Amino acid sequence: MTKSATKKVPTEVGTLAQLVLPLATLVRSDLQAFVLSVGIQALTAMLEAERTELAGPRYEHNPERQATRGGTTRGKLTLGGRQVSVDRPRVVDSKGREIPLGTWREFAARDPMDRRVLEQMTLGVATRKYDRSLEPVPPELETSGTSKSSVSRTFIEITAAKLEEWRTRTLAELEIPAIFIDGIHFAEHVVLVALGVDAMGQKHVLGLWEGATENGAACRAMLADLITRGLDTKRVRLFVIDGSGALRSAIRDTFGKRALVQRCQVHKTRNVESHLPKSKQPAVRTAMRQAYKAAKVETAKRQLENLARSLQTAHPSAAASLREGLDETLTVMSLALPRTLERSFSTTNPIESLNDRLRYVARRVKRWRGGEMILRWTAAGVLEASRGFRRLKGHLSMPVLIAALAERDPCQSGEGVDVYEKVA
């Protein structure tokens, strides 16, 4: 046996090991309860230390003291997504008015609980199961705020506040050269969502608007609200939409010659396919995709027009659908952007991904009680989705887009022509 193997362990180390091992065995089965219990004791010590600083040590008379001890009362603290009742020490001044303790005010804030409620609800936890989704607490702690009605009230308060924040948030500080707009249906309502992309390729949900249908009045109201909140109207901007005629007209009426509209190529392909028998759909889909991949806008337009002529006799409705708004499906291609950025702005995929997340968050709602409830749930979904926002694919080429849009400013060019004429 080596000398190192026979070396004796120091007495103090052995004593420490004897103390730690039983402690580990004790807390291993319920570490959460142990940690919470120690935390409550530490908080009690902190509160007592602050009271001593204000009122002096217990049983020690001081005639110059401005505050005295006022016993204790029950109070509530936020802990792990719930509220727990603990004894709160009191301090009063010479007139009997209570002096608030800063330590208590800090720990009693509801923000952590509000965030937990919002997170659990957006993840799909039912209100009646909220309490079960939280970490356990020692049985001696009196808890509250986890009932179905309490959680529902908290969720309503949070989402209503967030919705109001969205409605009043200024857009003046954002440089938004491009906006995706789409509608998402909930029951008999439509929520219009505007997703802006800034000069760095970052995504920003600009706002939410509710209407009975995706009609022109609702679209114009949405755009007017964007302008009221500071969206610059003195620059050419790209709008990417799914092909809604009402939305397209509202954009044109509101922004005039400074609006470039790109209609989603995926939606256009689906619309054309809907007028064709299933046997014809794959070939037409392939032909349209090849046209949209063309290197030049003139080539793409010629290929699509040839396809429309080939469909005219046997499938006139499909041919008409293809010709309708054809130029606007090629708007981005006419800007001569790098290929990756061109693909990003050729479809509504970025906002479709957002809408999918909104549907997922609201999937458990069985009955909608009006548009305000829909907007609140949509706002909750936006908050959840925005956590995972990534910059637009091809974002490093955003200066190319900005320069291309500036070149089409009718005031700077002096031409005074409609920007849509450049596409045609």
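Read-outs: derived from the displayed coordinates by stated rules, not from any lab. Since the structure is predicted, the reported quantities are computational estimates derived from the model, not experimental observations. Note: ideal-geometry Cβ built from the backbone for every residue, glycine included; neighbour counts use all protein chains shown.
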_Out of all Cα-Cα pairs in the chain, roughly what percent, to the nearest whole number, are more than 43 Å apart?_
39
*asked:* Just to be sure I understand: of the beta bridges DSSP finds with both ends in the stretch 181-296, what percent are antiparallel, rounded to 5?
replied: 75
*Expressed in nm², what is the orientationally averaged projection area of the convex hull enclosing the Cα positions of the stretch 193-313?*
9.8
*Could you tell me what percent of the DSSP beta bridges with both partners in the chain are antiparallel, to the nearest 5?*
80
*For the chain, list the DSSP H helices whose alpha carbon atoms reach 24 Å or more along the long axis and whose average Kyte-Doolittle value is 0.5 or above?*
11-28, 31-55
*What list of ³J(HN,Hα) couplings, whole Hz, do you get for the stretch 193-203 from phi and the Karplus terms 6.51, -1.76, 1.60, once you set θ to phi - 60° and write x for glycine and proline?*
10, 10, 10, x, 10, 8, 5, 9, x, 6, 9
*Let me know the whole percent of all Cα-Cα pairs from the stretch 195-262 that are separated by more than 21 Å.*
18
*Label points 7 Å out from Cα along the Cβ direction at TYR360 and ARG391: separation in nm?*
2.4
*asked:* I need the fraction of alpha carbon pairs in the stretch 273-403 separated by more than 22 Å, rounded to a whole percent.
replied: 56
*Convex hull (Cα only) mean projected area of the stretch 111-267, reported in nm² to one decimal*: 11.9
*Say the dipole of the stretch 337-399 comes from +1 at the beta carbon of Lys and Arg and -1 at that of Asp and Glu; which of LEU396, ILE351, ILE374 then lies farthest toward its positive end?*
ILE374
*Report, in whole Å, the centroid distance computed from the Cα atoms of the stretch 67-118 and the stretch 290-327.*
69
*Considering amide H positions built from the backbone, and no H for Pro or chain starts, which residues 5 or more places from GLU210, or on another chain, come under 5 Å of its amide H?*
LEU192
*Would you list VAL261, VAL38 from fewest to most Cβ contacts within 10 Å?*
VAL38, VAL261
*Considering the stretch 51-167, what Rg and Dmax in Å follow from its alpha-carbon atoms?*
18.7, 59
*Considering the dipole of the stretch 98-198 built from charges on the beta carbon (Lys and Arg +1, Asp and Glu -1) around the Cα centre, which of PRO138, PRO177, VAL190 is farthest to its positive end?*
PRO138
